[in-house]
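First the structure, in the form of structure tokens, and then the observations on it.
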2 protein chains.
Amino acid sequence: MPAIEVWFSVGSTYSYLTISRLPAIERQTGIAFDWRPFSVREIMREMDNIPFATKPAKAAYMWRDIARRAERLGLHAHLPAPYPLEGFDLANRVAIVAADEGWCADYAQATYRTWFEKGHPAGAEPNLTASLTAAGQNPARVLKKAESAETEEAYRAATDEARARGIFGAPTFAVGEELFWGDDRLEDALDWHRHGALRKG
Amino acid sequence: MPAIEVWFSVGSTYSYLTISRLPAIERQTGIAFDWRPFSVREIMREMDNIPFATKPAKAAYMWRDIARRAERLGLHAHLPAPYPLEGFDLANRVAIVAADEGWCADYAQATYRTWFEKGHPAGAEPNLTASLTAAGQNPARVLKKAESAETEEAYRAATDEARARGIFGAPTFAVGEELFWGDDRLEDALDWHRHGALRKG
């Protein structure tokens, strides 16, 4: 079976739910997930999409919605988490390295848990060292590679590919050309991957 | 059991899915739904929230997402439907009258089906006459009442109440003070109504 691509940015709030539940889904279904970090922030800026900063009611709702769903998943989130991330781009350049080297799921889990459960923002210390260590990596090596021109170029290319494919939010699950936006569309993506349609409920 | 309030605006695209599936859910669960029309457009304008006009990728995605989900529900939508509605406020003033008189579910279904399945925008002719007739009402009587100062005031009061309660999008399901935004949160609202929590999946 081809993989489902998971286009995500460390910094997206709802991706906490996705990243926390994907490993179990991968085990249960045998579907492979292909981690595709990109800059959703750059694409949202181009769309003039400011999701929460000027929308306090929407922001308050978002945290409550995530809290209810995190509780259902048995997660121990302390919300609201620090937001938005100052270290957004570094957090995602590290993800680019991680995806290239094959340990992106471990990094994504560790950095989101440190951010959402311990309150240390992703893309900054002490989160970076803690999550890279948890993923079995040498932080100094990875951070040097994350800050390289090669990684910057790969990050930009991934964002260009996302834009060209019509991706405008994170997480987005891609099953071939079919896009499913949001943690709450993961089940639809799984349906589509299996049946080429949404299963009738 | 207390009712679940359904805060909605005729004009919201995803409300087509909600309005189409609520009657069956009402029959299956015995839960009563309390129809609360308001102007989501006014609240979105205050938040400077322009959902789709400047965001072609997001708009294209939305129609595809609705199409997939409409197909799952067995609906026969012709998408994209005309959007946004020029007759937004009139469509919702009619809904205010309908909710007050107790035939809002019938009107909402009829006006959305005429809009999404036949391509005639809600809040304008021939949709108004067709959907009011389908709801068993005299169009001239209802339109006169919809355009009255009393209805205008009730519409404004409903929008003020929505804003005060933290509602910023449609549909929003309210279970007491707990809000659930979006057609895709209807199941969460049903869980909350029954258990005071989201059921573990």
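No value in this document is a laboratory result; all are computed from the given coordinates. Predicted model, so just to flag it, every value in this text is computed and none were measured. Counting neighbours? That spans all protein chains shown, and the Cβs are built from the backbone with ideal geometry, glycine included.
Quick notes on this structure:
- When the inverse distances between all different Cα atoms of the protein assembly as shown are averaged and flipped, the Kirkwood radius reads 22.5 angstrom.
- Between copies, A:Arg27 shows label-point distances of 4.2 nm, shortest first, with the point placed 7 angstrom from Cα along Cα to C-beta.
- Of all chain B residues, the one whose C-beta is nearest the axis that brings B onto A, in angstrom: B:Asp184, 3
- Calculated label separations, A:Ala149, copies of the chain, 7 Å along the beta-carbon direction, nm: 7.3
- In Å, descending, principal axis extents of the Cα set of chain B: 49, 37, 35
- Mean separation of Cα contacts under 8 Å (6+ apart) over length of chain B, as relative contact order %: 29
- P(r) tail fraction, region A:39-133 - alpha-carbon pairs more than 17 Å apart, %: 57
- Size descriptors for region A:125-165 (Cα atoms only): Rg and Dmax, in that order, 12.9, 35 Å.
- Rounded to 5, percent antiparallel among DSSP beta bridges of chain A: 55
- Cβ-derived FRET efficiency at R0 41 Å, B:Thr133 paired with A:Arg165, nearest 0.05: 0.35
- A label point on A:Ala3, set 7 Å along the Cα-to-Cβ line, lies at 5.0 nm from each of its counterparts in the other copies, closest listed first.
- Helix runs (DSSP H) in chain B reaching 18 Å along axis by Cα, Kyte-Doolittle at least 1.6: none
- In region B:109-198, Cα pairs under 8 Å separated by at least six residues give a relative contact order of 12 percent.
- Local electrostatic count, A:Ala149, Cβ distance below 15 Å [Lys/Arg +1, Asp/Glu -1]: -2
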